[in-house]
Amino acid sequence: MPRFIFTIINFLLLLLIIYLVGRKMIVNIFRGRKERINQSLDIASQALPEPEEYDPPKPEDDESHKAALEEELAIRKKKLADLKVKFENESETLRRESLLNSRSNLVQLTMDKAREYMKSEEFLQSMKDQEDKVADRILSLIKLTPGDMMYLEKKGKLYVSLFSSYPLKLTTIGRIHQATDKLLEDVGGITSFRIVDDEEGLIGGFRLRIGDTVYDYTVKDRLYMLQEALNDMPIKETTFENMLNKMRKTVDKIKIDVDIFQLGRVLSVSDGICWLDGLADIMYGELVEFLDTPKKMYGMVMDVQPDRIGCMIFGKFQHIETYSRVRRLGRMAETPVGEELLGRVISPTGEPIDGKGRIWSHDTRPIEFAAPAIPDRQPVKVPLETGIKAIDALVPIGRGQRELIIGDRQTGKTSIAVDTIINQKDKDVICIYVAIGQKETTVASIVEQLEKYGAMDYTTVVCSSASDSASLQYIAPFAGTAMGEYFMYKGKDVLIIYDDLSKHAIAYRELSLLLHRPSGREAYPGDIFYLHSRLLERSAKLSDEAGGGSITALPIIETLAGDISAYIPTNVISITDGQIFLESDLFNSGQRPAVNVGLSVSRVGGSAQTKLMKQVASNLRTGLAQYREYASFTQFGADIDEATRKTLATGERMMAVLRQDRFMPIPTWEQALLIYAVSNGAADNYDPGKIRDFEKKLLDWFTSSQKPLCDELKTGMKMSKEVKASLDSALAEFGKLA
Ligand code: ATP
Ligand code: MG
C-alpha cells in the first residue's frame, strides 16, 4: 500500500516537473514571437503618418473660416470684374472695328454715288450754268502771295494757267485774263497766260492757277474734299445711326466754295529726302501730301530755300516720282496723342507696331510745339523718385527737371531709365520711352521687362529702330514729347526718356548732309544745339495757374571712351539741369549702377529731395569724395594710420550700399534708413561684400518690429532730435541682435 502511494506521489511529481519545464519552454517560444511581432508593429507604426487629432471647431475658428471664405470670394469677384473689363474692352474694339468697316464701305458708296451724280449731264450742265458766278467768285479771291512777289522780282513774270474740263465761254476767259493781267500790272509784272480746256481728269468745272496757288472749282477737287472730310471723321459714336447722322452733318458742313491751295512738284528724290519746286509760301515743319502715289504719302518740310524746298518723306519714298505733284496741307506735322496710347508700342507717326490692333485716339498734337513761357513755369519741388539709391541720394531728380544720363556703351544707361519707369508704379506718373536708332530686339526686351513689372499700364513706347529712315528717327523724340505734352497740359506728371540723343544727332546729321547743309564740328550741322535745346526746353514744371503738370526728361547720351567733352555731350550737358555720369571702370569693377559720384550733379533736384533724404545724405557726397581721395592715395600700399583705415572702410561700405541690382527700386525712406545706418557705423561688423545681407536683415527687422519709427520715416520729414535718438537706439538694439 505505501508503495502504491509512493508510486502515485512519484507520478504526480513527474507530472509537476513536466508541467513546469513545459510551461517555461512554451512561454519562451511565445515571448520570442511576441517580441518580434511587437517590433514589426513598432516599425509599421513609425512608417505610418501620425493620425491627426480631430479638433472640433471653436468659435474663433469659425471667424477665421469666414475670413478665408470672404477672401476667396473677393478674389473671385476681382477675377470676374477683370474678365468683365476684358470682355467690355474686346466688345468695344469689335464694335468700333465694325463701325469703321461700315464707315469705309459707306464712304466708298458715297464716293461712287457722288462721282456718278457729278458726272451726270444734269450736274455738269448746272456747273456750266454757274460759270459766270464762279468766275466772279474766283476773281474776288485772287491775290499775289509773298512767294509770287519774290518770283516776280526775280523773273519779272508769273505763269497763270486756266484749266477746264470743257471749253469755257470766251467772255469768261477774257475776264479772267484781264483780271490777272491787272493784278500783275499793279506790281509791275506781266503774265504768261495759258489755257487748257480739255483736262478730262477734272471731270467738271475749272481751276485757275496763279504762280503756285490754285483756285479750284472742279468736280475732282470736290470729290477729294468729300473723301477727306468723311475719312477724317472720328469714330466716337455709339450706334450706326449716330454715325450716319454725323456723316450727314459732315457732308452738309462742306462748304461749296472755291478751294484755295498751293501746289508744287517733286524735282528729285533720294534717300528719304526730296527736293520740291513751287509751294512758294510753305513754312518749315509744314506737312505736304504727295498726290500721285498709289497710297497716301506725306512729307515734312525741313529746308526752305529761295528756289527749292527740302522735304523729308514719311514712308517708302520709292513710290514717289520726279515731277509728281505735291499739295500743301496748311498744317504742321502731327502725331496722335491721348490715353489710348498708354500700354502701346508705336512708331513716331503713331502707327501701332505691337500687333495689338488699331489705336483709337482722335486727338493729335503738332510734333513741334513752343516750350512753355517762363511765367508759366515754376521751380521743381516734387521729387521724381528713381528708386535707385545712388541717384535719389546723390543726384535727386525733381518733376519737371531734365537730367542727362551719360556714359559709354554698355554701362547701364538704359537700365537706369527702365528702373525709373518701373518705380513710377502707383505714383501717378505717365511714362514715355522713346527709342531712337536701337535694335528692334533691344526695344522688344525692354517692353517685355516693362510688361513683366506691370509698368506698361502707364507707359507708351515710341520706337524708331536702327532700320527706320533717318526722318523717322529724327521726329521720334519730338513725337514722344508731343504725346507727353498732352498729359502735361492736362495737369499730369510725365516722365520721358530719349534713348538715345547721340543717335538722334546722327540721324539729323544724315538728314542735314542729304539736304546739303554746310556741316560744322564733327560734321554735325550748326543748328544741332538748337535742335536739342528746343526739344528739351519743352520739359518743364508748369505753374499752378497753368495746370501744374510737368514733363521730366531723362535724355541719354552715349560717349566714346568716357569723353564727355565731345561736341554732342557738351551740348546736351549744357542744356540739361545736371547729369548722371556712368563709368565703364566702375561698371566693370562691379559697382553697379556705375554712377560716378564726383562728376554727377543735379543742379535743381535738391529742392525736390525729401527733407529726410537731404538730412541723411548731406555728408555722403563729401564722405565719398574723401574716400576716393584716400583710396587713390593708398592704392600703392602705403602705410596708413588707424583714422585713414577707418575712413577707407566706411567709404567702402558706403560704396557697397550704393550698389543695387536691376529691377529692384526701393522706396526713399528705406534708402534713407540704409544710408543713415551705414554712415553711422551700424554695418561696421559687416564685410563690404556682405552689405546686401545687412540691408535685408535691417529692413526686415525694422518693418517687423519698429512700425512707429518706420511710419515716421515714411513721412519724409526731417528727423527731429527725438526721432533721431530713437532711431539710434533702435540701431543699437539691432546691432546687439546680430
Ligand atoms: P547700350 O550702350 O548698349 O545702350 P546701356 O549703357 O544702355 O548699353 P544697359 O543695356 O542698360 O546699358 O546695360 C548693360 C548691361 O549691364 C546689361 O546686360 C544689364 O543687365 C547690365 N546691368 C545694368 N545695370 C545693372 C545693375 N545695376 N546690376 C547688374 N547688372 C546691370
Ligand atoms: Mg541702352
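The values are calculated or read from the model by the stated rules, or taken from the named source; none is laboratory data. Values in this document were obtained by computation on a predicted structure and should not be read as measured data. All Cβ positions, even for glycine, are placed from backbone atoms using ideal geometry, and neighbour counts span all protein chains on display.
Observations
- Any pair with Cβ under 6 angstrom, 6 or more apart, that starts in the stretch 101-128 at a residue that is more than 18 Å from Asp221 (Cα to Cα) and ends at one that is buried (at least 16 other Cβ atoms within 10 Å of the Cβ): none
- Within the stretch 133-148, considering residues that are under 46 Å from the mean Cα position of the chain (by Cα) and not charged (D, E, K, R), the one surrounded by the fewest Cβ atoms within 10 Å (Cβ to Cβ): Pro146
- Members of the stretch 422-445 found to be away from ligand 2 (no atom under 16 Å from the Cβ), β-branched (Val, Ile, Thr) and under 13 Å from Thr386 (Cβ atoms), listed by number: Val429
- The stretch 263-276, residues that are crowded, with 16+ Cβ neighbours inside 10 Å and at pLDDT 90 or above: Leu263, Gly264, Arg265, Val266, Val269, Ile273, Cys274, Trp275, Leu276
- Residue among Lys697, Lys714, Lys718, Lys646 that alone is more than 22 Å from Thr386 (Cα to Cα), at pLDDT 90 or above and out of contact with any strand residue (DSSP E or B) (no Cβ under 9 Å at 6 or more places or on another chain): Lys697
- Within the stretch 563-597, the residues that satisfy the criterion of being outside any loop (DSSP other than H, G, I, E, B) and either among the aromatic types (Phe, Trp, Tyr) or within 15 Å of ligand 2 (Cβ to nearest atom) (or both) are Tyr567, Ile580, Phe581, Leu582, Ser584, Phe587.
- Some residue of the stretch 578-601 being basic (Lys, Arg) and away from ligand 1 (no atom under 14 Å from the Cβ): no
- Count of residues meeting criterion [surrounded by fewer than 19 Cβ atoms within 10 Å (Cβ to Cβ), basic (Lys, Arg) and not in a loop (DSSP other than H, G, I, E, B)] in the stretch 307-349: 3
- The single residue among Tyr676, Tyr686 that is of a type in the set (Ser, Thr, Tyr), surrounded by 14 or more Cβ atoms within 10 Å (Cβ to Cβ) and either at pLDDT 90 or above or within 16 Å of ligand 2 (Cβ to nearest atom) (or both) turns out to be Tyr676.
- Selection from the stretch 631-643 of residues that are surrounded by 14 or more Cβ atoms within 10 Å (Cβ to Cβ) and either at pLDDT 85 or above or of a type in the set (A, V, I, L, M, F, W, C) (or both): Ala631, Ile640
For every residue, the table says whether it meets (1) within 25 Å of Val304 (Cβ to Cβ); (2) assigned to a loop (DSSP other than H, G, I, E, B); (3) touching a residue at least 12 places away in the same chain (Cβ under 8 Å); (4) aromatic (Phe, Trp, Tyr).
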| position | (1), (2), (3), (4) |
| --- | --- |
| Arg517 | yes, yes, yes, no |
| His532 | yes, no, yes, no |
| Leu535 | yes, no, yes, no |
| Arg538 | yes, yes, yes, no |
| Asp544 | no, yes, yes, no |
| Gly548 | no, yes, yes, no |
| Thr552 | no, no, yes, no |
| Ile556 | no, no, yes, no |
| Ala561 | no, yes, yes, no |
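- Residues that are within 16 Å of ligand 1 (Cβ to nearest atom) and either assigned to a loop (DSSP other than H, G, I, E, B) or at positive phi (or both) within the stretch 410-469 comprise Gln410, Thr411, Gly412, Asn423, Gly437, Lys439, Tyr453, Ala455, Ala466, listed in sequence order.
- Selection within the stretch 543-561 - more than 18 Å from Glu368 (Cα to Cα), of a type outside the set (Ser, Thr, Tyr) and either more than 17 Å from the chain's Cα centre (by Cα) or more than 16 Å from ligand 2 (Cβ to nearest atom) (or both): Asp544, Glu545, Ala546, Gly547, Gly548, Gly549, Ile557, Glu558, Leu560, Ala561
- Options Phe30, Phe4, Phe87, Phe11; residue that is more than 30 Å from Gly357 (Cβ to Cβ), part of a helix (DSSP H, G or I), at pLDDT 85 or above and not acidic (Asp, Glu): Phe11
- Members of the stretch 169-226 found to be under 56 Å from the mean Cα position of the chain (by Cα), surrounded by 15 or more Cβ atoms within 10 Å (Cβ to Cβ), in contact (Cβ under 8 Å) with a residue 40 or more places away in the chain and outside any strand (DSSP E or B), listed by number: Ile176, Ala179, Leu183, Leu184, Ile203, Gly204, Gly211, Asp212, Val219, Arg222, Leu223, Leu226
- Note on the stretch 446-484: residues that are within 30 Å of Phe317 (Cα to Cα), in contact with a Cys (Cβ under 9 Å, 6 or more places away or on another chain) and of a type in the set (S, T, N, Q) amount to 1.
- Candidates in the stretch 651-670 are the residues that are away from ligand 1 (no atom under 15 Å from the Cβ) and part of a helix (DSSP H, G or I); of these, the one that is nearest to Ala625 (Cα to Cα) is Gly651.
- Ile391 meets all of the listed conditions (1) within 16 Å of Pro555 (Cβ to Cβ); (2) within 14 Å of ligand 1 (Cβ to nearest atom); (3) in a loop (DSSP other than H, G, I, E, B) but one, namely (3).
- Criterion violated by Pro396 - all others in (1) within 16 Å of ligand 1 (Cβ to nearest atom); (2) under 23 Å from Glu558 (Cα atoms) satisfied: (1)
- Which numbered condition Ile573 fails, given (1) modelled with pLDDT of 95 or more; (2) buried (at least 20 other Cβ atoms within 10 Å of the Cβ): (2)
- Within the stretch 360-381, being part of a loop (DSSP other than H, G, I, E, B) and either buried (at least 16 other Cβ atoms within 10 Å of the Cβ) or under 15 Å from the mean Cα position of the chain (by Cα) (or both) holds for Trp360, Ser361, Ile367, Glu368, Ala371, Pro372, Gln378, Val380.
- Restricting Ile260, Ile309, Ile254 to those that are in contact (Cβ under 8 Å) with a residue 60 or more places away in the chain and at negative phi reduces the list to Ile260.
- Filtered residue count, the stretch 485-506, keeping only those that are assigned to a helix (DSSP H, G or I) and either in contact with a Cys (Cβ under 9 Å, 6 or more places away or on another chain) or within 16 Å of ligand 2 (Cβ to nearest atom) (or both): 6
- Selection over the stretch 458-473 of residues that are more than 16 Å from ligand 2 (Cβ to nearest atom) and modelled with pLDDT of 95 or more gives a count of 3.
- Criterion (within 30 Å of Glu131 (Cβ to Cβ) and polar (S, T, N, Q)) met by exactly one of Gln262, Gln305, Gln318: Gln262
- Qualifying position, being within 13 Å of ligand 2 (Cβ to nearest atom), modelled with pLDDT of 95 or more and surrounded by fewer than 23 Cβ atoms within 10 Å (Cβ to Cβ), among Asp419, Asp408: Asp408
- The stretch 647-695, subset over 37 Å from the mean Cα position of the chain (by Cα) and of a type in the set (Val, Ile, Thr), residue farthest from Leu727 (Cα to Cα): Thr647
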